[in-house]
Amino acid sequence: MDINGSKIPSHVAIIMDGNGRWATARGKNRSAGHREGSKNVDRIVSHAFFKGVKTLTLYAFSAENWERPKEEVDELMRLLKVYFTKFIGKALKNNVRLKVIGDKSRLSDELRELIERDEKKSENNEGRNLLVAINYGGRQEIVSAVNVLIRDGKEVTVSSVSERLYTAPFGEPDLIIRTGGEKRLSNFLLYQGAYSELYFTDVLWPDFDEAEFDKAIEEFGQRNRRYGKV
Ligand code: FPP
């Protein structure tokens, strides 16, 4: 509940789509769209925590995004490095814990070390969690959890798989937002999203501001979550 009595989702996940189209519409290259999108990350992270969201999960780079042109991938990796270099100061001040979800083994040593430094330094921060999905794929996550169970000779059940997902300590998203007009999950949080409310907006990620975020929260407050029951 927030001060106005409306329901605030505890865990919000966002598919930040539309950077490329934002840039193309302005005669700029796609990387310029990612730079603008990156600025918006700061704005929405602050606002979401201000509204009372406890866990925010952002889809920054999918396992399939490596197929994009090299210069675009390089720019996204550069932006992530900039983000994690600056992140830790703000995180410690604002009590935010960082966790990167996805397969970190394909990232450069430099980026991986920065991430691990930030994760370690922020691990005792409680109450606000920022999860950033990088080289993440929902199917890959499920398959790898099942393989770990098989390797360890454990039974594969709904809860044993769930306990081995990257997000295990942070719970499932109450609300998944996708900006940029497409209405699909694109391999994001497939297992954890089983009962998430979905919110799609045509607004492109760089234009998705505080007021747009609030619209999504308001709509969430009007949904009736039944989890398969009546
Ligand atoms: C999708 O837009 C967006 C991405 C693949 C990258 C998202 C990355 C950022 C917002 C910046 C870096 C992130 C952090 C956490 C600092 P698109 O390129 O698919 O857009 P399009 O559908 O219009 O082509």
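Amide H to amide H, which residues 5 or more places from LEU204 or on other chains are under 5 Å from it, using H placed in the peptide plane?
For LEU204, whose amide H was placed from the backbone, the distant partners under 5 Å are GLY180.
What number does the range 65-191 give for Rg over Rh if you use C-alpha atoms and the Kirkwood radius? Walk me through the numbers on the way to the answer.
Working: Rg = 15.9 Å, Rh = 16.3 Å.
Across the range 65-191, the Cα-based Rg/Rh ratio is 0.98.
Which of LYS54/LYS121; LYS93/LYS183; LYS51/LYS229; LYS121/LYS183; LYS183/LYS215; LYS70/LYS93 have a Cα-Cα distance over 25 Å? Let's see the in-between values first.
Values: LYS54/LYS121 19 Å; LYS93/LYS183 36 Å; LYS51/LYS229 29 Å; LYS121/LYS183 37 Å; LYS183/LYS215 17 Å; LYS70/LYS93 35 Å.
Distance filter (> 25 Å) returns LYS93/LYS183; LYS51/LYS229; LYS121/LYS183; LYS70/LYS93.
Once you keep just the Cα pairs under 8 angstrom separated by 6 or more residues, what percentage relative contact order results for the range 109-230? All intermediate terms of the calculation are to be shown ahead of the outcome.
Numbers: 84 pairs, mean separation 25.8, N = 122.
Reported relative contact order: 21 percent.
What is the range 67-132's relative contact order, in percent, from Cα pairs under 8 angstrom and six or more apart in sequence?
Values: 59 pairs, mean separation 27.9, N = 66.
Result for the range 67-132 is 42 percent.
Excluding ligands, DNA and RNA, what is the solvent-accessible area per residue of the range 123-230 at a probe of 1.4 Å, expressed in Å²? Don't skip to the answer; put the middle values down first.
Working: 5740 Å² over 108 residues.
Ligands and nucleic acids excluded, the result is 53 Å² per residue.
Starting from the amide H of LEU58, placed 1.01 Å from N in the peptide plane, find each other amide H under 5 Å away whose residue is 5 or more places distant or on another chain.
The list, which skips near neighbours in sequence, is ILE14, LEU131, VAL132, ALA133.
Mean separation of Cα pairs under 8 Å and 6+ residues apart, divided by the residue count of the chain: what relative contact order is that in percent?
On the way: 354 pairs, mean separation 66.9, N = 230.
Result for the chain is 29 percent.
Per residue of the range 199-205, in order, report the coupling 6.51 cos²θ - 1.76 cosθ + 1.60 (Karplus, θ = phi - 60°) as ³J(HN,Hα) in whole Hz, putting x for Gly and Pro.
Calculated HN-Hα couplings, in order: 10, 10, 9, 6, 4, 6, 3 Hz.
How big, on average over all directions, is the shadow cast by the Cα convex hull of the chain, in nm²?
On the way: hull surface 54.3 nm².
Dividing the Cα hull surface by four gives the mean projection, 13.6 nm².
For the chain, with all protein chains present and a 1.4 Å probe, just round the carbon and sulfur fraction of the accessible area to a whole percent.
Working: 5830 of 11910 Å².
That share works out to 49 percent.
Quickly rank 101-109, 205-213, 126-134 as a protection proxy: mean count of other C-beta atoms within 10 Å, highest first. Intermediate results must be reported in sequence, preceding the final value.
Values: 101-109: 14.3, 205-213: 18.1, 126-134: 20.3.
So the peptides 101-109, 205-213, 126-134, ranked by packing, come out 126-134, 205-213, 101-109.
What does the convex hull of the Cα atoms come to per residue for the range 138-200, in Å³?
Values: hull volume 4.8 nm³, N = 63.
Hull volume over Cα atoms, normalised by residue count, gives 76 Å³.
So who's got an amide H within less than 5 Å of the one on ARG97, skipping anything under 5 residues away but keeping other chains? H placed 1.01 Å off N, in plane.
Amide H to amide H, under 5 Å and 5 or more residues apart or across chains, ARG97 pairs with ARG128, ASN129, LEU130.
Where does the chain land at 222 nm, in deg cm²/dmol rounded to the nearest 500, when only DSSP H runs of n ≥ 4 count, each adding -39500 (n - 2.57), divided by all residues? Walk me through the numbers before you get to the answer.
On the way: 7 runs with 99 residues, N = 230.
Theoretical 222 nm ellipticity from helices: -14000 deg cm²/dmol.
The values are calculated or read from the model by the stated rules, or taken from the named source; none is laboratory data. For clarity, every value in this text was computed on a predicted model and none was experimentally measured. Heads up, the Cβs are rebuilt from the backbone with ideal geometry, glycines too, and the neighbour counts pull from every protein chain shown. What goes into the accessible areas is simple: the full protein's heavy atoms, side chains included, and nothing from ligands, DNA or RNA. Shrake-Rupley method; radii C 1.70, N 1.55, O 1.52, S 1.80 Å.
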